[in-house]
Each structure stands twice: as C-alpha cells, then as structure tokens.
1. If you check every pair at least six apart or on different chains, which have Cβ atoms under 7 Å apart with a residue in region B:305-326 that is more than 7 Å from every other protein chain (Cβ to nearest Cβ) first and a residue that is among the hydrophobic types (A, V, I, L, M, F, W, C) and outside any helix (DSSP H, G or I) second?
2. Which members of region A:286-305 meet the condition of being out of contact with any Asp or Glu (no Cβ under 8 Å at 6 or more places or on another chain) and farther than 16 Å from residue A:9 by Cα?
3. Quick one: how many residues across region B:35-54 are under 12 Å from residue B:95 (Cα atoms) and crowded, with 21+ Cβ neighbours inside 10 Å?
4. Being away from the ligand (no atom under 13 Å from the Cβ) and surrounded by fewer than 17 Cβ atoms within 10 Å (Cβ to Cβ) is the requirement here; does residue B:106 meet it?
5. When residue A:286 is evaluated against the numbered criteria (1) farther than 30 Å from residue A:104 by Cβ; (2) among the acidic types (Asp, Glu); (3) surrounded by fewer than 23 Cβ atoms within 10 Å (Cβ to Cβ), which criterion, by number, is the only one it fails?
6. Can you report the number of residues in region A:258-280 which are within 23 Å of residue A:342 (Cα to Cα) and either surrounded by 22 or more Cβ atoms within 10 Å (Cβ to Cβ) or basic (Lys, Arg) (or both)?
7. Checking the condition farther than 29 Å from residue B:221 by Cα and basic (Lys, Arg), which residue from B:120, B:66 passes?
8. For residues in region A:201-235 being in contact with a strand residue (DSSP E or B) (Cβ under 8 Å, 6 or more places away or on another chain) and part of a helix (DSSP H, G or I), which is surrounded by the most Cβ atoms within 10 Å (Cβ to Cβ)?
Amino acid sequence: MSVIANTKLSFDEDQAMIMEVAREFCRNKSTMQAVRGLLDSASGFDSNAWRELADLGWLGIALPEQLGGSGLGVAHTVAIVEAMGRSMLSGPFVTSTLAAQLVLRAGSSAVGDRLLRDVIAGVPATVAQLESADWGSDSCACLIDDNGQLQGSKRFVADAEVAGWLVLVSRYRGAPALALIQAEQLPPAAIKTHTLVDETKRAATIDFSGLQLAPEAIISTEGLSAALRDYALLGALLSAAEATGSAAACLDSTVEYLKTRKQFGKLIGSYQALKHPCVDILNAIDASRSFLYHAATLLGDEPLSRDAEIACRMAKAQASETLLYASDRAVQFHGAMGFTYDCDAQLYIRRAQWSQQQFGDAAHHRKRLAALLLDE
Amino acid sequence: MSVSEQDLQDFRQEVSAWMRDNKPADPGFLLPQSFMEVGTEQQLDFLREWQHKVWQAGYLGMAWPKEYGGGGLSPIFQSIADQEMRRHGVPICFNVIGLGWAGPLINDIGSDEQKARYLKGILSAEDIWCQGFSEPDHGSDLGSAQTRAVREADEYVINGTKIWTTMGNYARYMILLARTNPQTERKYDGLSFFLAPMDVPGIDAVPIRKVTGEYGFTETFFKDARIPAESLMGGEGQGWKIAMKTLQYERGAEAGAAGGLAFERIVIDDMIEQLRDMSRDGAPLLSDPVTRDHLVRLIMEEKSIALGDKRAAIAPLTTDYPFSLQLSSKLRITEYARRMRQFAIAQQGAAGSLYVGDEQARQGGFWQRAYFNSFSATIGGGTSQVQANIIAEHILGLPK
Ligand SMILES: Cc1cc2nc3c(=O)[nH]c(=O)nc-3n(C[C@H](O)[C@H](O)[C@H](O)COP(=O)(O)OP(=O)(O)OC[C@H]3O[C@@H](n4cnc5c(N)ncnc54)[C@H](O)[C@@H]3O)c2cc1C
C-alpha cells in the first residue's frame, strides 16, 4: 500500500459557515491593540469575548446534544482555532475543548457530565498531564493513593489559574486514571504561575499533594488509554491549527512591511533574498492548511483511526516548522525594527517557541510517523 | 450532454482493461522519462506507435472536437483515462508540445483551416511539434528574443538561433516566437507567433547532449528560412500575448490539453521499495533514525502536494491567497521531485557512484538518471527561481 494512501479532504457548509463567523469574531475582538493590552493582565484574556464565544455555542460544538452541545464533532473546531491563531486571540478555548474531549472519550460518568455541561456554559477546564519536559515520557509520579488522596505535582498546566475544572492524568490502584477536580478543591497556594515565552498564554505548576478525591471523581475506565492517546493527537491537531493561523498572520505582516519599506531607493520587497523565502513560507502555510483540514476530515467521535493519527501528526510536524520559519524570518526581514518589543514579529516568534512545544515538536511526531509509515 | 456516475464508472473499467491488455512489454532499451528526453530513433518509433495506438483506441484528445480527430466528449473522460494510464504505468504520450500547448492554442484561437490542418496530426503522432522560444542569450528573459521574421510577399524570412528545442530534430512544426519589428518601444510589442513548418530549407536542428549523456533537444539555426505568411498566428506584434497563453497551458493553469502522460510517474513508494534491502552501519537502512526522519519529511511533502490539489477545489479553504496552490504547483512538485531523487542516490552507499550501463548499478541507474532529469522540469517551462518571482508578485503582491 502507498505511504501516501488516504488523501481525503472535504469541508461542509457548516464548517464553512463556522469558519466565516469565527474569522469575523476574532478579527473584531482581537485587534493587535487588544492583544497587546492583555499581555501583562493576570488572566491573559478578555472575559467579555469569552462570554460571547460561549454564548455563540463554540464550547459545545464538539460535545453531545444531550449535554447541551451541538454534536458537530471536534473537526468543526479546527477552523475556529485557526482563526484564533490568526488574530492571536487568547483564552482557554483550546485547553477547555481538549479537556472536554478527554473526559468525553474516557467514558460517561456523572461527574464527567457535570464538567462537560460546565464547559459548554463557559467554565474553563484544563488537563494536568506533564511532569517532565518530555512529551514522549509516560512516567507518572503524581499518584492517587488507595484512599483517594493525591501526592505530587504537574507542570506546564495550561490556563491553570482560570480553570474551573482540572482533569488530572494520574494512576489509581496500578491503572491509568483521571481525577476530575474543581478549582475550589485545590490546596492553598497549589498554583505557581510560569513565566511563558508566549505572553499571550498562561500556564502553571500545580501541587496536588494532600487533595482528597471523592470516589466518583476518579475515572479509571477501559477506554482511558485510547482516550489519552486521542487527547494527545487532538492536542497536536488544534495546536497545529492555531500555529497555522498565526503563521498566516505573520506572513501577512511581513509582506506588508516589504511593500512599504524602502532601501537603496527600492521597496525591499523587490529583493529576491526577501521575496523567495516569503514564497517558501506561503507554500509551507499551504501545506499546513492542507494537513489540517485533511485531519479534520478523518475525525469522528469514535477512537481515531490510523489514518487520522497520521494526519494529526503530520499537521503538527508541518505547522510547528512553518511557524518557526515564518516568525524567524519576520524578525530578520524587519531589520532592527524586528528586534524591538514593539514590532508584532515578537508576538509570532514567541508564539512559535511556545507552540512547537505543545503536544510534541516536529521531530517527536516525525519519529512516530516513521514507525507508522515505514514499519507496518 | 449529461454524464451519469455509472457512465463514468463503466468508462473507467473499460480504459483500465484496455491499458492492462495493451501496455507494451519492456522494449529492452531505455525509454525516456519524459517528453524532453527523446534522444534516439528507436525511442521515437516506439513512442510514436504507442501514442497512435492510444489515440486510435479513443483515449487521447477525448475532449477535442470530433471533426479534428478528437472525441467530442466532456473533459472528465480524458481525466479518467489519464488517471488509468498513470495507474497502469503505461508509456508517455510524447508529442506534448502539440498535445498540451500548440493544440489547445489552435483549438482556442486558431482558424477552422488551421484546426483542420494541424489538430489530427498532433493526436495521431504523425506530426511532431516543437517549441522555438528560448535563444542562447534570452532564456528566462524571453521577451527580449531576437530571432527575426521579415515579411517578403507571401512569406516570412526567418534568421536567428533558437536553443533547447525539445525534439527539434524530429519535429514537423514549431511554435515559433520571432521579432517582426525591432523598433517597438516595449520589447514585447515587436514579437510575433508562428506555426512554422520545419521542413523548409535553411533550418538546421543540431542535437545537444545533456547532463545524462543522452539527447533530447537541439540548437536550431535559421538561415534565410522562408515560411508561408499564413503561418502567422494572430496579428504581427501579438506574439507575446499568445506565447503567454501557451505558457498557461504548459503550466497547467489553463485547461484544454489533449491528455496523456508527459512524464513517467516516480513516487516515493518506488523509492522506499528500493531502500528496503539496503543497509547502513551493518543494520537495515530503514532502521536508521536520521534516514527515517528525512524520509518522513519527503513523504509529508508528497502528501501535501496531493492534498493541495484537493484543497484547491474547495473555495472556502482557499480564501487567503486565492490560486496560490495552482500557481505554486509546478514549483512545489518539481523541486520536491528533485530533492527526493537526490536523496534516493544518497542512500545507495558505494553503489550510488554507479551509472546507467553498469550492470551492478541499482535498478540500472534509474535514480541517477531520474535525478539528473528532474532538472528538465525545474529549469524548463520557467525556472524555479522565476516561478518564485511570479508567485511573490502575483500572489503575495510584492513589487517587481
Ligand atoms: C530539458 C529542457 C527542455 C527545454 N525545452 C525547450 C523547448 O522545447 N523550447 C524552448 O523554447 N525552450 C526550452 N527549454 C528552455 C527553457 O525554457 C529555458 O532553459 C528556461 O526558460 C531558462 O532559460 P535559460 O536556460 O536561458 O536560463 P537563464 O534564464 O539564463 O537562467 C540562468 C539562471 O538564472 C536564474 N534567473 C534568471 N532570471 C532570473 C530572475 N529574474 N530572477 C531570479 N533568477 C533568475 C535562473 O533561475 C537560472 O537559475 C528547455 C529547457 C530544458 C532544461
């Protein structure tokens, strides 16, 4: 069988409509001035915009109708996240969507349903998973003891400070388990905020030690391993969507500068040393978008297929490198202006470093793609 | 004319069966990997016979008018036939300059008389066509071409030199770009476009040997060559506009080509197959982490090209830079092919140093030859660098 194999790509009217609305929304709510205004705020996002976004039903797009969602599936969030990336709109949308997907895919429970209903209503949720900097490690030292008490901490927890719900990835009685925790339950001073390279983002280390869980808040189902795998893949995909949007915005801003700045009596955009890399960036963005919507085409509510796994990993591998390249050149092509904090290139180059480390960098995914494509 | 899904399915089965049954056996000599590499009479005869056969079976020029040798059908049939040709790995339909560029042009803007005279011979492979655009001193800067055409009574007298003329030594006709007026303000306005016969006195096509060691194009000298005045296409001074239109067909940006394969299809699966039994450091090559990482990059690139073709057809997913995928397609595909083939040689270890003719060469030196030949597409039809300029200017709106 060909290593290229599945090249399905479709996009329905609902998706097209959502995309249009999302772009318009993000453009209006998240001007560059607004983005900069939020950089050193505590929450990092505009709570009014968040409220409106929840009212638009976006947090329920991928969640079942019986819980109040619209049941369209997670594929329909890809265009929203890409639009957010493009406008650098911050907030816990991706984090909450992913936390909800993990809980949904882990199997139904009363506490899980409460969490999902809350997310749909606009209560942010997040997943506490990493303990080390290594996305490829699955060692877990933050454990639930036999009495339901927690010991240990998690790092790099996205949007920890604003999350109403925390989904802890842990182990209980020797098996993988999730603990569904409400923010009020956290011990005092449990959250220690990180200083992030991307100032539009927020994350923290959380020490869960001493927290007592009710038995029903521990989810240790058979499907959990598959749910965790799919969570990581969807995380890669949505990070790729955001990065692709940011890369497109980054290219736009670079091209704009190249059309206005003159040196040696000519617009600098006429120099091929600048022009041709812009074409490379355009092509890389085109490849990223193709992978994104190909992956979206292959997603459903059921566990991800092998083809979908390949597509999500390719999307992330491509998008990470695209944004790294686009933003790196953006700084260089603005000259000393590009080296300033005032130039928007800084937002993109910081986003690129942050984004590549979400759900594994390009090499992480290529390594797994090699196994999927060359060994089977 | 409405065509049902069933019709198309039936048709696909029919072509598929025909290709399977009629695919020629290995002729025992090297076949060209593209239409730009026809270098021997043996190759020429073989390809001519094949194209003729495909046309007679009704699988070439399916959308061209019936009265001129075409099938008079919807283009969808030809695209299915092409897909099946690709799938069965049959030989190319080598008369590409006729099938893909001159033919569509004549179909679009030619007179009925021109259509009657030229189109059928293009399809049947009786009349081979070549393209006389590039000159020794004017390649990318085609608008500066200097070959002269001077009107004398009912003839034009041609003087000058064209070069890199693919199949110049086999062609019966040439699409020729020549200067009828050397004194125009804009260099483009002095150019005219001809459908020139090659069998008149004063034309000499001298084969040039290529990097592969094979032949395929010529330097083409015109010394007081007289061609009939009716060879002029459009009016005097319209040559540039018409040449640009031909380039649109050539780059696939405009439809109308007769169909058939122009290139042997070489995909990454072919390469991975040959890597399976290779070793590095005493272990299977495909277990080497560096090789694996590089391979995945290439697989992704090939896949992104296939996905790009799909996405290009979905309007809401192309709003940012409309037509970027179409306009960048040649650049992306040809540059990818070049790198992929270069990588294939690099994996062969010491055997990578062998070439066509050495009996120990891997696959008879296929990848070495394929890599060298990949430049025909990164240079011919507008170099990659010039393509990048076009994309930067037309898609990104950057200044010239
Ligand atoms: C296999 C093959 C078959 C061909 N068949 C035909 C044919 O049948 N008929 C025909 O008319 N021609 C044919 N050509 C010629 C082809 O169209 C020209 O080679 C091509 O247009 C480039 O021109 P050149 O070779 O003069 O290179 P040049 O234009 O001299 O270019 C040399 C280098 O400079 C770069 N360069 C040039 N201008 C620019 C610019 N503005 N910006 C950046 N870089 C630039 C080029 O990319 C290239 O790397 C063929 C070529 C090949 C390789």
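1. These pairs meet every condition: B:323/B:395; B:326/B:253.
2. Within region A:286-305, A:301, A:302 meet the criteria.
3. 7
4. Details: away from the ligand (no atom under 13 Å from the Cβ): yes; surrounded by fewer than 17 Cβ atoms within 10 Å (Cβ to Cβ): no.
Against the criterion (away from the ligand (no atom under 13 Å from the Cβ) and surrounded by fewer than 17 Cβ atoms within 10 Å (Cβ to Cβ)), residue B:106 does not qualify.
5. The single condition residue A:286 does not satisfy is (3).
6. Taking region A:258-280 and keeping what is within 23 Å of residue A:342 (Cα to Cα), we get A:258-263, A:267-269, A:274, A:278.
Pick out the ones that are also either surrounded by 22 or more Cβ atoms within 10 Å (Cβ to Cβ) or basic (Lys, Arg) (or both) and you get A:258-259, A:261-262, A:269, A:278.
So the count comes out to 6.
7. Values: B:120 fails: farther than 29 Å from residue B:221 by Cα.
Criteria check complete, one pass: B:66.
8. First pass over region A:201-235, keeping only residues in contact with a strand residue (DSSP E or B) (Cβ under 8 Å, 6 or more places away or on another chain): A:201-213, A:217-220, A:224-225, A:228, A:231.
Still in the list and also part of a helix (DSSP H, G or I): A:217, A:224-225, A:228, A:231.
Working: A:217: 21, A:224: 20, A:225: 12, A:228: 19, A:231: 24.
Top of the filtered list is A:231.
The values are calculated or read from the model by the stated rules, or taken from the named source; none is laboratory data. Quantities reported herein were computed from a predicted structural model and do not represent experimental measurements. We place every Cβ from the backbone using ideal geometry, glycine too, and count neighbours over all the protein chains shown.
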